[in-house]
Amino acid sequence: MTSISNAVSQPILAYDRREDVMKFEDTKLGVKGLVDSGITRIPSIFHHPQQNLVNSPNSVDVDPIPVIDLSDPTPDVVDQIRKAAGKFGFFQVINHGVPVSLLDRLVTGVRAFHELPDEERMSHYRRDPVNGVNYFSNVDLFVSKAASWRDTLQLRLGPIMADIDAIPPICRSEILEWDKEVKQLGEKLMGLLSQGLGVNANKLEEMSCLGGRVMVGHYYPYCPEPNKTVGIAHHTDPGILTVLLQDQVGGLQVKHDGKWVDVKPVHGALVINVGDLLQIISNDKYTSVEHRVYANPLHEPRVSVAVFFNPSMRENLYGPLPEVVSAEEPALYREFTYTEFITRFFKKELDGKSLAKYFSLENKE
Ligand code: OGA
Ligand code: NI
């Protein structure tokens with residue numbers, strides 16, 4: 001065949017990705033369903049370009065992500081958090097006040113949800129939350145170029161908790177307890193992060209940053225071709241702050257100095273990371289860093305639970321705090337409402353650091 005006839009025939013032969021995405025969506029069983037069906041090759045809708053897959057974590061000469069002890073919030077702890085949030089955008093906390101036994105029960109409960117019989121799991125599968133709860137595979141399934149190897153149970157915790165009856169009973173009591181605890185921890189962390197910026201300890205709280213809380217319970221099952229896809233594509237979290245509980249399987253990586261650094265599971269610890277909105281509010285004193293999870297090569301599923309803290313006063317204006325801006329360090333971002341901000345987030349795929357850039361005063365888009 002000549003190259004010309006090749007070029008002409010290609011559009012006809014090119015496969016219809018959207019149709020395959022729809023077929024996958026219609027199973028309502030997520031990637032867990034694909035694994036259960038016994039596949040040994042992953043469908044091509046999950047194939048990521050090679051550059052997203054290059055896996056060269058060089059942990060040897062890279063500083064590890066700090067583990068900070070929160071038992072006594074001294075000025076030294078404020079300093080450790082300020083440094084970690086500026087340098088890595090990520091840190092782990094221990095002695096954070098959330099009972100470790102609750103963390104263990106929460107992971108077990110979320111795993112049990114994802115391992116419910118097909119019929120039961122399917123009944124929760126939907127893109128739009130009903131009564132504040134939904135279950136789906138890939139938040140960006142219909143806007144991304146390639147899907148990732150994970151499923152998610154999502155819940156609204158605040159400002160108004162999802163309908164109690166809509167929360168799957170198998171992990172209900174754990175989630176209700178977790179919300180109370182995580183809110184207290186969020187308050188503690190926001191206090192320390194505010195102090196680190198040299199503003200009142202309750203500044204972020206006054207801006208309603210504790211109010212909007214969304215929980216995701218991710219499930220990363222065994223992937224038969226882990227070199228062709230990812231667990232979650234590299235991205236930054238959009239909001240203020242994320243509190244993440246991961247089990248002992250591992251797979252979370254953070255970009256630091258151009259390298260992917262493992263966030264090693266520490267039993268009983270919680271992983272904290274800065275979101276784009278906190279980077280903007282702090283005028284880049286804190287940094288929202290790219291992270292990803294590689295596709296799980298192990299036969300044991302990986303479970304993680306994240307809570308995203310966002311402002312609940314959606315129509316207020318957000319931008320660099322006047323206290324952190326000066327003649328020497330002028331504002332790097334314009335002001336915007338949270339509604340504008342989050343609408344922009346959901347229009348795109350999880351794709352690295354583009355959200356903060358979009359609101360930067362340098363942006364010419
Ligand atoms: C996220 C995320 C990481 C993980 O949900 O935004 O980065 O370990 N999750 O599941
Ligand atoms: Ni994230």
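Between a first residue in the range 235-253 that is touching a residue at least 40 places away in the same chain (Cβ under 8 Å) and part of a strand (DSSP E or B) and a second residue that is basic (Lys, Arg) and more than 7 Å from ligand 1 (Cβ to nearest atom), which pairs have beta carbons less than 6 Å apart while being 6 or more apart in sequence or on different chains?
GLN253/ARG292
Among the candidates LEU53, LEU70, single out the residue that is modelled with pLDDT under 95, in contact with a strand residue (DSSP E or B) (Cβ under 8 Å, 6 or more places away or on another chain) and among the aliphatic types (A, V, I, L, M).
Going through LEU53, LEU70 in turn, the sole match is LEU53.
Residues being of a type outside the set (A, V, I, L, M) and without any contact (Cβ under 8 Å) to a residue 40 or more places away in the chain: count how many of those fall in the range 136-171.
Residues in the range 136-171 being of a type outside the set (A, V, I, L, M) and without any contact (Cβ under 8 Å) to a residue 40 or more places away in the chain: 4 in total.
Can you pull out the residues in the range 285-300 that are closer than 18 Å to PHE46 by Cβ, under 18 Å from the mean Cα position of the chain (by Cα) and assigned to a loop (DSSP other than H, G, I, E, B)?
ALA295, ASN296, listed by residue number.
List the number of the failed condition for ALA147; all other conditions in (1) surrounded by fewer than 22 Cβ atoms within 10 Å (Cβ to Cβ); (2) touching a Phe, Trp or Tyr at 6+ places or on another chain (Cβ under 6 Å) hold.
Of (1) surrounded by fewer than 22 Cβ atoms within 10 Å (Cβ to Cβ); (2) touching a Phe, Trp or Tyr at 6+ places or on another chain (Cβ under 6 Å), only one is false for ALA147: (1).
GLY258 is checked against (1) free of Cβ contacts under 8 Å to residues at least 60 places away in the same chain; (2) under 16 Å from GLY186 (Cα atoms); (3) away from ligand 2 (no atom under 14 Å from the Cβ) and fails just one. What number does that condition carry?
Going through the list (1) free of Cβ contacts under 8 Å to residues at least 60 places away in the same chain; (2) under 16 Å from GLY186 (Cα atoms); (3) away from ligand 2 (no atom under 14 Å from the Cβ), GLY258 breaks only (2).
Of the residues SER148, SER144, which is over 22 Å from ASP163 (Cα atoms) and touching a Gly at 6+ places or on another chain (Cβ under 7 Å)?
It is SER148.
I'm checking my understanding of the structure. Among residues of the range 263-304 that are open to solvent by 10 Å² or more (accessible area, probe 1.4 Å) and of a type in the set (Lys, Arg), which one is nearest to ligand 1 (Cβ to nearest atom)?
My answer is ARG292.
Here's the yes/no breakdown for (1) of a type in the set (S, T, N, Q); (2) over 30 Å from ASP284 (Cβ atoms); (3) surrounded by 19 or more Cβ atoms within 10 Å (Cβ to Cβ):
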position: GLY97; (1), (2), (3): no, no, no
position: LEU102; (1), (2), (3): no, yes, no
position: GLU120; (1), (2), (3): no, yes, no
position: LEU141; (1), (2), (3): no, yes, no
position: ILE167; (1), (2), (3): no, yes, yes
position: LYS180; (1), (2), (3): no, yes, no
position: LEU189; (1), (2), (3): no, no, yes
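For the range 305-323, how many residues meet the condition of being open to solvent by 70 Å² or more (accessible area, probe 1.4 Å), within 17 Å of SER194 (Cβ to Cβ) and in a strand (DSSP E or B)?
Total meeting the criteria: 0.
Conditions (1) among the acidic types (Asp, Glu); (2) more than 16 Å from ligand 2 (Cβ to nearest atom); (3) within 22 Å of the chain's Cα centre (by Cα), marked per residue:
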| residue | (1), (2), (3) |
| --- | --- |
| HIS267 | no, yes, yes |
| ILE272 | no, no, yes |
| ASP276 | yes, no, yes |
| ASN283 | no, yes, yes |
| PRO322 | no, yes, no |
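The values are calculated or read from the model by the stated rules, or taken from the named source; none is laboratory data. Every value quoted in this text rests on a predicted model; they were computed, and no experiment measured them. As a convention, Cβ positions derive from the backbone with ideal geometry for all residues, glycine included, and neighbour counts pool all protein chains shown. Protein only, heavy atoms only, side chains kept; ligands, DNA and RNA dropped before computing areas. Shrake-Rupley method; radii C 1.70, N 1.55, O 1.52, S 1.80 Å.
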